[in-house]
Amino acid sequence: MSKNASSSLLVDKYFYTHQFPTMWCPGCGNGTVAMATVRGIDRLGLDIDKVIHVAGIGCSSVAHWYTTFTALQSAHGRALPSATGIKLANPELTVVVTMGDGDCIAIGGNHLIHACRRNIDLTAVVYNNFNYGMTGGQVGPTTPLESLTSTTLYGNIEPPVDICKVAEAAGATYVARGAIYYIKELIDLIEKGVRHKGFSLIEVMTPCPTVFGKRNALGSAAHMWKAQKEFTIPVKKARDLTPDQLKGKWPRGVLVDKDLPEFTEEYAKLMARAQKGRAGK
Amino acid sequence: MEHKGKVTLMQGNEACAEGAIAAGVRFFAGYPITPSNEIANVMARRLPQVGGKFIQMEDEIGSLAAAIGAALTGAKAMDATSGPGFSLKMENLGLACMIEVPLVLINVQRVGPSIGMATSPAQADVMQSRYGSHGDYATIVLSPSSVQEMFDLTVRAVDLSERFRVPAILLADQVIGHMRQNVRLPAYEDVKTAYRREPDVPPEQFHPYRGDAKGVPPMAKFGTPYHWYANSSAHNEDSFQATSDFVVSKALIERLTNKIEKNRQEIVEVRGEFLDDADIVVLAYGCTAIAARGAVLRAREGGIKAGYLRPLVLWPFPEAEVKAVSGKAKAIIVPEMNMGQYVHPVREAACGGKAEVFSLGRPGEVFSSSEILQKIMEVKSVV
């Protein structure tokens, strides 16, 4: 479909409307991330039969309940290794993985590091809502210091992790951060991520008004969406700021974009060598 | 290199890997662990030669997850592990049962619990292989007693997993995995295994979780016009979420279990000797079966009417075969390298027959035929 395909056409093509309404709470940003993902994929004009959606477990990892892509709902934290098997077994497939912050970097943290390191051509869309929403708002690896959650009733004392920095350090060749308030930019970031050859990670900041917002007195859902204007900053602007000025602000945009050998392509070369009877280079 | 229809000296783990290649396995994910390492080592060399994919994953959990992903795309996939690794597989084993992914998982058993003894044999994962993941499900578990069977039963595990859309476990042990014996290898092109039944209706009429008469649904490859959803949550026949619907989830759990349990006559395989007139039957599996057969032969030489029953498939349990023995014999002895595991379903199946069931379960070294013969003599004096 065109870059500006109408929502209703997209909904008909990519969503099982008989599964609506979604389970997401009013004001949750997850539906926006799901729609941005669909729009990003749609722009590429791919054969939809060849696009596979892999999810872990959590509020984010229900997007595939509604989308018409062939999908795997894996075990909690195991979306990336499952997706790795899919992609390696059939490199013709476009594999898009959705995970939440806990799924991705707490229980699935080890897999994240190694998927990045391997530079396998998967696109991970990480919905970061700063807590475990589905289970009632427990502290997560991205929960800000001092925040109140159902398991940090006296304030969170664990410093949060920066998912994008971990992905970059581990070797991901495309890393971006988006926020649902900046929907057009988010669609662009996801489109680029899917297009990128190699491991792509797009962290998306998405508010959880029902549990995290309410418990931390962050205001209405609309207020939480608008607050993304305050605590995110375009990556180009961020480069001109001192660390002190950057405190409390998350750079938004493409953080890493480089071209390095991709795992399944390297594997194809390895197979060719093995079939010539040579053990290695 | 392919050994075409000849006799070759091989190690058990190597025979397992070659059996997998012969059976059409073209994806292997693994993680280093003793005493199963040689399986991954051989697969790393062989798979690229035959156009297959090998990956060493970051951990045991990831390797079974990757095998599941590969199987969904249509590949015959395998993973191999031991001891603590098998414990780490349990979550994804349950996932594979739930989403009905055919694959083969090898467990070369070592001494536990925990890290235990990495290089020593045990048979203490028998119950874990059947009940280790949470919730109700059924799987298929095969038990090789020779290097030849490491090859043959790997082939059979592939075949059964594909026919029943279920993970099949080859429950080997360190002795059989590391033993070297002559193996008669067939020409690989003559090795025939099933491939999952694919849908024969147009995509819009495809019900990914509607079982056939045996309870096995057709399976479409990921990446085809058959869009479906491999759903780890309770799901209906069309794979949609049914997480608050007991009617749907009950039907699903019953089908997942019954497609194995109700078709056990197609799966179960036992070998018996001297059963016609046996008073005392030794029921053994895996490496222990070698000593058990030796003990039975020696007992026969001594004039004792001993018999031998060996299940090659541990699960589903060979209920009819054990019942038949318990209806005639006076005693069944179950030697096993654990504190007594398989003896329990044997006792349950024998209940109502004539035979009394004796456990000879203990951890430690490999059984000798003398130890089992001694038990036969003891039992003879009380039955």
Check your understanding: B:V104: within 16 Å of A:A89 (Cβ to Cβ), touching a strand residue (DSSP E or B) at 6+ places or on another chain (Cβ under 9 Å) and either surrounded by 22 or more Cβ atoms within 10 Å (Cβ to Cβ) or among the aliphatic types (A, V, I, L, M) (or both), yes or no?
Key -> yes
Review point. Can you tell which of B:Q148, B:Q128 is touching a residue at least 60 places away in the same chain (Cβ under 8 Å) and surrounded by fewer than 23 Cβ atoms within 10 Å (Cβ to Cβ)?
Key: B:Q148
Review point. For A:L241, are the conditions met, namely being within 30 Å of B:L47 (Cβ to Cβ) and of a type in the set (A, V, I, L, M, F, W, C)?
Key: no
Point to revise | Residue selected from segment A:65-78 under the condition within 23 Å of A:L10 (Cα to Cα) and not β-branched (V, I, T), by the criterion farthest from the other protein chains (Cβ to nearest Cβ) | key: A:Y66
Exercise for review: Find the residue count for segment A:78-134, including only residues that are assigned to a strand (DSSP E or B), within 23 Å of A:G45 (Cα to Cα) and free of Cβ contacts under 8 Å to residues at least 60 places away in the same chain.
Suggested key: 2
Review point. How about segment B:196-213: which of its residues are touching a residue at least 40 places away in the same chain (Cβ under 8 Å) and within 22 Å of B:T154 (Cβ to Cβ)?
Key: B:R196
Point to revise | Residue ranges of helices (runs of 4 or more DSSP H) in segment A:162-281 with at least 3 members within 14 Å of another protein chain (Cβ to nearest Cβ) | key: A:263-275
Practice item. Would you check if there is a residue in segment B:185-208 being buried (at least 22 other Cβ atoms within 10 Å of the Cβ), of a type in the set (F, W, Y) and not assigned by TED's automatic domain parsing to the domain that holds B:G364? Key: no
Revision key, fill the gap. Given (1) crowded, with 17+ Cβ neighbours inside 10 Å; (2) of a type in the set (S, T, N, Q); (3) at pLDDT 95 or above, B:Q265 misses just (1)
Check your understanding: For segment A:40-59, how many residues are at the interface with chain B (Cβ under 7 Å from one of its Cβ atoms) and without any contact (Cβ under 8 Å) to a residue 40 or more places away in the chain?
Key -> 1
Exercise for review: Would you mind stating whether A:K87 is at the interface with another protein chain (Cβ under 9 Å from one of its Cβ atoms), crowded, with 24+ Cβ neighbours inside 10 Å and at pLDDT 95 or above?
Suggested key: yes
Exercise for review: Determine, yes or no, whether A:V62 is surrounded by fewer than 24 Cβ atoms within 10 Å (Cβ to Cβ), within 14 Å of chain B (Cβ to nearest Cβ) and either closer than 27 Å to A:Y132 by Cα or charged (D, E, K, R) (or both).
Suggested key: yes
Exercise for review: Taking B:V155 as meeting all but one of (1) within 19 Å of B:H178 (Cα to Cα); (2) touching a strand residue (DSSP E or B) at 6+ places or on another chain (Cβ under 9 Å); (3) of a type in the set (A, V, I, L, M, F, W, C), write down the number of the exception.
Suggested key: (2)
Check your understanding: So which residues in segment B:50-72 are of a type in the set (V, I, T) and surrounded by fewer than 24 Cβ atoms within 10 Å (Cβ to Cβ), if there are any at all?
Key -> B:V50
Point to revise | Of all residues in segment A:247-267 being of a type in the set (A, V, I, L, M, F, W, C) and surrounded by 14 or more Cβ atoms within 10 Å (Cβ to Cβ), the one that is nearest to A:P144 (Cα to Cα) | key: A:W250
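The values are calculated or read from the model by the stated rules, or taken from the named source; none is laboratory data. If you're wondering where the values come from, they're calculated on a predicted model, not measured in any experiment. Because the Cβ atoms are built from the backbone with ideal geometry, glycine has one as well, and the counts that use them run over all protein chains shown.
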